[in-house]
Ligand code: GLN
């Protein structure tokens, strides 16, 4: 029986056991699904490989839509600590997501939305709301079929909404995790209902090579894949990550242990440049294999590798010419915390053909009495990134003061915007006790205060001013010039506080130019010090919309100015 007819049968069976809500307008087989799972360990670049796969398919002319099924129970990533889980990425529609969505947006050069990121928490929330609303008509609510049904519904809804040729589903976590068990079960049901040629399952696994042995060991990988088989899922393709090139012996063992023919077992060892990954994966035949499995190979032939080659050539910089940028934050050893900022700098390096070196400036050290000039030694320009909470703030204010007085390029992002205004209030206007109400509930001069619209909102989740919003740019300012003389630009926000409107005049008298604001509200969104080499800050996060071949203009000007000796 073909997949289509199985699904039709499922839909037309009114029995209680089949809970497969099919969205209106869904045509089985019209959109194909690629499912990517990980085994053995996390952190082997599943997101990067997936986004490269998406890019290759896009390069063949397919409409590709990624979706991440995140395993954790948080409804979104907004409440997660970026030091533990990496940056919280913000989409244009205000969804707070995992950093992988940033990787997808940058790689595909397209904006994603709430339907591209679904957590287990969100699935359960929907089910509990449905249950309370009596939507299950007296039926006991179960993991199977209701949770799995909800997951399948989300995937098919994305297909209807986007009309994509292929949806690439990333299953968060590792096979064997308790949290993603239901997502994998939902996929097993999808394979059954949609039919094998409409769903291609890829497992990314890891082949160990202990130093003491020197040779590649496949047991852990085999066990990981076996776990997938136990769950009723036979992968179509296996991708083995490894430190060194995958050996033939290892390949054979994995093929034998997984029912996957050897020509569909691929090795991807560590690559230095992730931008060349799409081309690397194309050259080993990965996208060809995916399209073969989905019977799409005739329809979507390659036009050669020209585009991908161009792309990987353009995404490089000259390492003999460097510029050193300091990031003054609360660095804790993981670059994932500020990943979009690092990427935005990298994008500038492609455009300027000059590599950017990043130095971490630990502001808590400065706060404890460390000298700013020592901390900024050898640094050409400073970024004060977004952040929350009091720790390190006084150190950041000292950094702003130093850059402002010594004519060192300064780029303030969100919190970095607020920090610089506190510095100017204290040290230029003379309001010695100026502060943000985030750090001091009742300062003498609350120059940064909570947004009136935020005062009414309680609770910790999704309660910020979030997502893409228009910024009205003031003509004849540096920002206006930098942003291409556009009166309105759109940028992404994630904040609760703002420049207190009662102090705007005082700031302006002190030489601050507010060059960007919200169109119909007195919310200041960009400011600059026109006499400075480069001193600009934004209440938004320009790093979220920077793309490999289209660097954010504010970042670009900042790096350019930093590179001028
Ligand atoms: N904590 C500040 C606010 O909520 C800045 C937020 C940020 O940097 N993302 O407004």
Among the numbered conditions (1) surrounded by fewer than 23 Cβ atoms within 10 Å (Cβ to Cβ); (2) within 16 Å of the ligand (Cβ to nearest atom), tell me where residue 487 comes up short. (2)
Step by step: first the residues of the stretch 518-537, then only those that are under 23 Å from residue 388 (Cα atoms) and surrounded by fewer than 21 Cβ atoms within 10 Å (Cβ to Cβ), then the one that is farthest from the ligand (Cβ to nearest atom). Which residue is that? 522
Out of all the residues in the stretch 490-511, which are within 15 Å of the ligand (Cβ to nearest atom) and part of a strand (DSSP E or B)? 491, 492, 493, 494, 495, 497, 498, 499
Filter pass, residue 540 being away from the ligand (no atom under 16 Å from the Cβ), in contact (Cβ under 8 Å) with a residue 60 or more places away in the chain, buried (at least 24 other Cβ atoms within 10 Å of the Cβ) and within 30 Å of residue 104 (Cα to Cα): no
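To keep it simple, each residue is scored yes or no on (1) within 22 Å of residue 243 (Cα to Cα); (2) modelled with pLDDT under 95.
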{"residue": "264", "(1), (2)": "yes, no"}
{"residue": "272", "(1), (2)": "yes, yes"}
{"residue": "282", "(1), (2)": "yes, yes"}
{"residue": "290", "(1), (2)": "no, no"}
{"residue": "299", "(1), (2)": "no, yes"}
{"residue": "311", "(1), (2)": "no, yes"}
{"residue": "330", "(1), (2)": "no, yes"}
{"residue": "352", "(1), (2)": "no, no"}
{"residue": "364", "(1), (2)": "no, yes"}
Of everything in the stretch 368-407 that's away from the ligand (no atom under 15 Å from the Cβ) and within 13 Å of residue 536 (Cβ to Cβ), which residue is surrounded by the fewest Cβ atoms within 10 Å (Cβ to Cβ)? 404
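Looking for something surrounded by fewer than 19 Cβ atoms within 10 Å (Cβ to Cβ), closer than 26 Å to residue 464 by Cβ and more than 15 Å from the ligand (Cβ to nearest atom) - is there at least one such residue anywhere in the stretch 413-424? Step through it out loud before you land on a result.
Narrowing the stretch 413-424 to residues surrounded by fewer than 19 Cβ atoms within 10 Å (Cβ to Cβ): none.
No.
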Checking the structure you have, find out if any residue of the stretch 209-226 is surrounded by 23 or more Cβ atoms within 10 Å (Cβ to Cβ), modelled with pLDDT of 95 or more and within 28 Å of residue 164 (Cα to Cα). no
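So which of 465, 492 is crowded, with 18+ Cβ neighbours inside 10 Å, free of Cβ contacts under 8 Å to residues at least 60 places away in the same chain and in contact with a strand residue (DSSP E or B) (Cβ under 8 Å, 6 or more places away or on another chain)? Full working, then the answer.
Details: 492 fails: free of Cβ contacts under 8 Å to residues at least 60 places away in the same chain.
From the options 465, 492, the qualifying one is 465.
Yes or no, residue by residue, for (1) touching a helix residue (DSSP H, G or I) at 6+ places or on another chain (Cβ under 9 Å); (2) at pLDDT 95 or above; (3) assigned to a strand (DSSP E or B):
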position	(1), (2), (3)
37	yes, yes, yes
54	yes, yes, no
77	yes, no, no
118	yes, yes, yes
134	no, no, no
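The values are calculated or read from the model by the stated rules, or taken from the named source; none is laboratory data. From a predicted model like this one, the values you see are computed outputs, not experimental measurements. Glycine also receives a Cβ, built like all others from the backbone with ideal geometry; neighbour counts cover every protein chain displayed.
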